[in-house]
Amino acid sequence: MDKRESMWDVYLRKGMSRRSFLKGCAALTAMMGLSSDKVAKVAEAAEKKPLPVVVWIHGHECTGCDESFIRSAAPLASDVVLNEVALEYDHLLSAASGAPFEAHLDEVIQKYKGQYILAVEGAACTKDNGVYCMSGGHTFTHLLQKAAAGAAAIIAYGTCAVSGGIQAASPNPTGSSGIAHFTGSKPVVNVPGCPPIPEVMTGVVMHVALFGTVPPLDSEGRPRQFYGNRIHDTCYRRPFFDAGMFAENFDDEGSKAGWCLYKLGCRGPETYNSCGNMRWFQGMSYPIQSGAPCIGCSNAHFWDEGPMSRRLPQFSPAVDVDTIGAGLAAVTAVGVVGHAAASVVQKKKRIAAEQAEKGSGEE
């Protein structure tokens, strides 16, 4: 890439109107989880700043995060790649391959040192000097350290990059882990999920691109605008939980009626993500809406917390996002007893009231 255009330059070159440009900026503002009064700042940045150079590398993973990203609908992934960022390297989305492609990566890293955004998908394999994950003739850990050294910011896409994912599940034969140990002091934005929501992936990279800083992060390095709420707090089945109305089996009447899936292993009470409000495929659905409990795929060790159909032993509706982590079980042990008990009492009172009303009606 010889000339770095701005987003506005791209719109002009393609004969698109100022109105279309501003509509695109408004959409991006919403995508980044910002209020509408930030549209003017987004438009100003998109008009003046050159498209951000993005290098996207792959470690030990299934390419599911890329597959999620290309299904982004607002904006379309093609618009992001062709009009809003300058994607210079990506195994899945690039047309080039082989030695010339790897040479291009080295050129980009040197030419835009300290300017490019590094997106990382997949875990880092550490056992036996990392030989279980090779890229371009080198171990992935070698590539990661080389690319991270010249990056302006780093985005860890997916639970694999954040904490190792399924590769790190017990017994973890490849020694897989998250990328944090190989990125040095560079700022890292963690975007967990298996895979993450595509619009969240777009929102994070565009925030870094347009504002030159990482978005506000929580104590686990996750962007607050997308990981500030539990699935439980945004779930449309929450009223059933509060009323003590739970599906006991996947095919019982409660399940068919859309009751809470907590007893079937739903990990919504301890999982922070945007599935409940953003959903997937243009807001069409998400696992809980399709009748499947949340498996907590944005949690660090969700693969080892099975069986996934087992009911959570604890839950507290008052735990703050910054307290969630390794000590979750200890922090929330008391909460479920009172909350669940209150739900059961409410249910019994409601049934008793209905029976009393029915009895008085018969008299």
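The values are calculated or read from the model by the stated rules, or taken from the named source; none is laboratory data. Since the model is a prediction, treat every value here as computed from it, not as a measurement. Cβ placement follows ideal geometry from the backbone for every residue including glycine, while neighbour counts extend to all protein chains displayed.
Show me the helices (runs of 4 or more DSSP H) entirely contained within segment 220-272 in which 2 or more residues are crowded, with 22+ Cβ neighbours inside 10 Å and of a type outside the set (S, T, N, Q).
Output list reads 224-227, 231-234.
Here are the criteria: (1) out of contact with any Ser or Thr (no Cβ under 6 Å at 6 or more places or on another chain); (2) more than 30 Å from residue 132 (Cα to Cα); (3) assigned to a helix (DSSP H, G or I). Tell me which single one residue 34 does not satisfy.
Condition not satisfied by residue 34: (3).
Every residue in segment 77-121 that is under 19 Å from residue 134 (Cβ atoms), of a type in the set (A, V, I, L, M), over 20 Å from the mean Cα position of the chain (by Cα) and in a loop (DSSP other than H, G, I, E, B), please.
Passing the criteria: only 96.
Taking the residues in segment 1-54 that are closer than 20 Å to residue 112 by Cβ and among the charged types (D, E, K, R) as candidates, determine which candidate is modelled with the lowest pLDDT.
The qualifying residue modelled with the lowest pLDDT is 2.
Give the number of residues within segment 5-40 that are closer than 17 Å to residue 215 by Cα and either assigned by TED's automatic domain parsing to the domain that holds residue 148 or touching a residue at least 60 places away in the same chain (Cβ under 8 Å) (or both).
5
Among the residues of segment 289-322, which ones are at pLDDT 85 or above, assigned to a loop (DSSP other than H, G, I, E, B) and farther than 18 Å from residue 274 by Cα?
The answer is 301, and nothing else.
Considering each residue of segment 49-76, count those that are assigned to a helix (DSSP H, G or I) and in contact with a helix residue (DSSP H, G or I) (Cβ under 8 Å, 6 or more places away or on another chain), and give that number.
Looking only at that region, the number is 4.
So, of the residues in segment 187-211 that are touching a residue at least 40 places away in the same chain (Cβ under 8 Å) and not in a helix (DSSP H, G or I), which turns out to be farthest from residue 296 (Cα to Cα)?
197
Here are some residues: 228, 212. Which one is under 22 Å from residue 147 (Cβ atoms) and of a type outside the set (D, E, K, R)?
212
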